[in-house]
Amino acid sequence: IRNLAPYSSARMEANGGKVLLNANENPWPPHGDDGQHLNRYPDPQPVELVEKLAAIYGVTAAQTLVGRGSDEFIDLLTRAFCRAGKDGIVISPPTFGMYAVCARIQNARVREVPLRAEQDFSLDIDALLKAVTTTTRLVYVCTPNNPTGGVVGLKEIEYIATALKDRAVLIVDEAYGEFSSEASAASLLAQHDNLVVLRTLSKAFALAGARIGVALAAPEIIDLLRRIMAPYPLPATSVNAALKVLSSEAISEMHQRVGLLCAERDRLLVAFAALPVVKKVWPSEANFLCLQFADAQLVYRTLLAQGIVLRNVSHYPGLADCLRISIGRSLENQRVLAALSALTEVV
Ligand code: PLP
C-alpha cells in the first residue's frame, strides 16, 4: 500500500515560497507551459476537482474518485473484487463491451442475462438476480444502455441494490446519464454500501480526449480502488480541462448542448423510422440511436464510402444487422439522413 498523502508539488509551486527538491522533478517548466507547472507531478487525487464533482453528484468527497475515464474504473473494480479463476460478474448483453473484456483479462467468469429483445431491450431483473451465485462479485447495469439506449428506473436500481446486499456489488454505469430524464443512482449511495455509480466527462461534457472518469461509492470501496490505482492517474492538463468544463457557465452551456442533441435524437428517431430502408429503430435516452437494416454491412460500407462513419454493432447478441448512429451536429445528422434516404432503392 503506497503512501497516498494528498500533496501536490504543482500546487505547492503555484502557491510559491517552497524549495521543491523532493520528487526528482525538473526545476524549469517545459517550453509552452502557460503557467500549468507541468514540470511538477500532479495531485494523485486533485482536491478541487474531486470536491466539485462530489458537489455536482450530491455526495461527499470521500465517496468520490477520479480516474482515466470510466474504463479505468471498470478495470479496477474487476481487479479489486474478482479473484482469477474463482469469481465472476453478471452482465446483460447487448451492453458495453468493457465489462466482459476486463473480466476475461482477469480470468473472471462472465454470466450473461440477455436484455429482453421483445420488450425494447428492457432489463430482466428477475433473471439477473437469479444468475447471481455465491461467487458473483460484480453485477453491471448500464443505464442508458450502450448500444440500445434504454434506461433502468431509479426504483428498479434500488430494488436490485437491496436484493444484492451482502452478496455482490452493483455497478451502475451512467456514462450517458446527462442525456436521460432518469435521476442518477448517486442519490442511493447513502443507503447502499454495495453500490458503485460510474460517471464520465467524456460524453455530455465533451472531454473524451482528456480521459476523466468518476467513481461514486461508499468510502470503503473508494479506498480499495485508490490503493490499486496508478500513482498519478490524471495528467495535469486533463485536470485543468476538467475544471474549466465544471464552471457554472460551462455547465449551463453543456446543458444547452445536451438539449440540442436530445432534440436532434428525438427528431431523427421519427425520421429514421419513416425510412423504408430502416427495419427498426429503438427509443433512446442517450446520444445515439440503434437502427436495424436488412443488410447492415451494405449500409455501413455504402455510407463509409461517402465519408460517414457509423458503428457496426451487428456482432452483439440480439442486434443482427444493426448499426449505432451517434447524434452529431444538425448538418452531420442531415447528411446521414439524406444518405439513408437515398439508399431506399439499393437495399
Ligand atoms: N461506459 C459506457 C456505457 C460507455 O459507452 C463508455 C464509452 O463509450 C464508457 C463507459 C467509457 O467511458 P470513458 O471515456 O469515461 O472511459
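The values are calculated or read from the model by the stated rules, or taken from the named source; none is laboratory data. Keep in mind that this is a model prediction, so the values were computed, not measured. Cβ placement follows ideal geometry from the backbone for every residue including glycine, while neighbour counts extend to all protein chains displayed.
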As an exercise: evaluate Asn194 against (1) over 18 Å from the mean Cα position of the chain (by Cα); (2) within 27 Å of Leu224 (Cα to Cα); (3) within 16 Å of the ligand (Cβ to nearest atom) and give the number of the one condition it does not meet.
(3)
Quick check on this structure: which one of Val151, Val196 is touching a residue at least 12 places away in the same chain (Cβ under 8 Å), assigned to a strand (DSSP E or B) and surrounded by 24 or more Cβ atoms within 10 Å (Cβ to Cβ)?
Val196
Name the residue that is farthest from Gln36 (Cα to Cα), counting only residues in region 199-237 that are within 11 Å of the ligand (Cβ to nearest atom) and part of a helix (DSSP H, G or I).
Ala208
Within the bounds of region 125-134, is there any residue that is in contact (Cβ under 8 Å) with a residue 12 or more places away in the chain and within 22 Å of Val281 (Cα to Cα)?
no
Name the single residue that is surrounded by the most Cβ atoms within 10 Å (Cβ to Cβ) among those in region 180-189 being of a type outside the set (Asp, Glu) and in contact with a Leu (Cβ under 7 Å, 6 or more places away or on another chain).
Ala185
Would you tally the residues in region 5-45 being more than 19 Å from Pro233 (Cα to Cα), surrounded by 13 or more Cβ atoms within 10 Å (Cβ to Cβ) and modelled with pLDDT of 95 or more?
1
Determine whether region 22-33 contains at least one residue that is under 31 Å from the mean Cα position of the chain (by Cα) and either under 27 Å from Gly97 (Cα atoms) or in contact (Cβ under 8 Å) with a residue 60 or more places away in the chain (or both).
no
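The rows are residues; the columns are (1) without any contact (Cβ under 8 Å) to a residue 60 or more places away in the chain; (2) of a type outside the set (D, E, K, R).
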{"residue": "Arg211", "(1), (2)": "no, no"}
{"residue": "Leu225", "(1), (2)": "no, yes"}
{"residue": "Pro233", "(1), (2)": "no, yes"}
{"residue": "Ser247", "(1), (2)": "yes, yes"}
State whether one or more residues within region 186-200 are under 13 Å from Val258 (Cβ atoms) and either basic (Lys, Arg) or not assigned by TED's automatic domain parsing to the domain that holds Asp75 (or both).
no
How do the pairs read when you match residues in region 55-77 that are assigned by TED's automatic domain parsing to the domain that holds Arg227 with residues anywhere that are among the polar types (S, T, N, Q) and more than 16 Å from the ligand (Cβ to nearest atom), using Cβ under 8 Å and keeping only pairs 6 or more apart or on different chains?
Gly58/Ser187; Leu65/Gln45; Val66/Gln45
Output for region 40-80, where each listed residue is of a type in the set (Val, Ile, Thr) and out of contact with any Leu (no Cβ under 8 Å at 6 or more places or on another chain):
Val47, Thr60
Hey, Leu76 modelled with pLDDT of 95 or more, more than 20 Å from Cys142 (Cβ to Cβ) and buried (at least 20 other Cβ atoms within 10 Å of the Cβ) or not
no
I'm trying to understand the selection: among the residues of region 261-287, which are of a type in the set (A, V, I, L, M) and either within 18 Å of Glu182 (Cα to Cα) or at pLDDT below 95 (or both)?
Leu261, Ala263, Ala286
Among the candidates Pro42, Pro27, which residue alone is in contact with a helix residue (DSSP H, G or I) (Cβ under 6 Å, 6 or more places away or on another chain), more than 22 Å from Asp193 (Cα to Cα) and either not charged (D, E, K, R) or not assigned by TED's automatic domain parsing to the domain that holds Ala241 (or both)?
Pro42
Reported set for region 321-335 where residues are in contact with a strand residue (DSSP E or B) (Cβ under 6 Å, 6 or more places away or on another chain) and in contact (Cβ under 8 Å) with a residue 40 or more places away in the chain is Asp321, Cys322, Arg324, Ile325
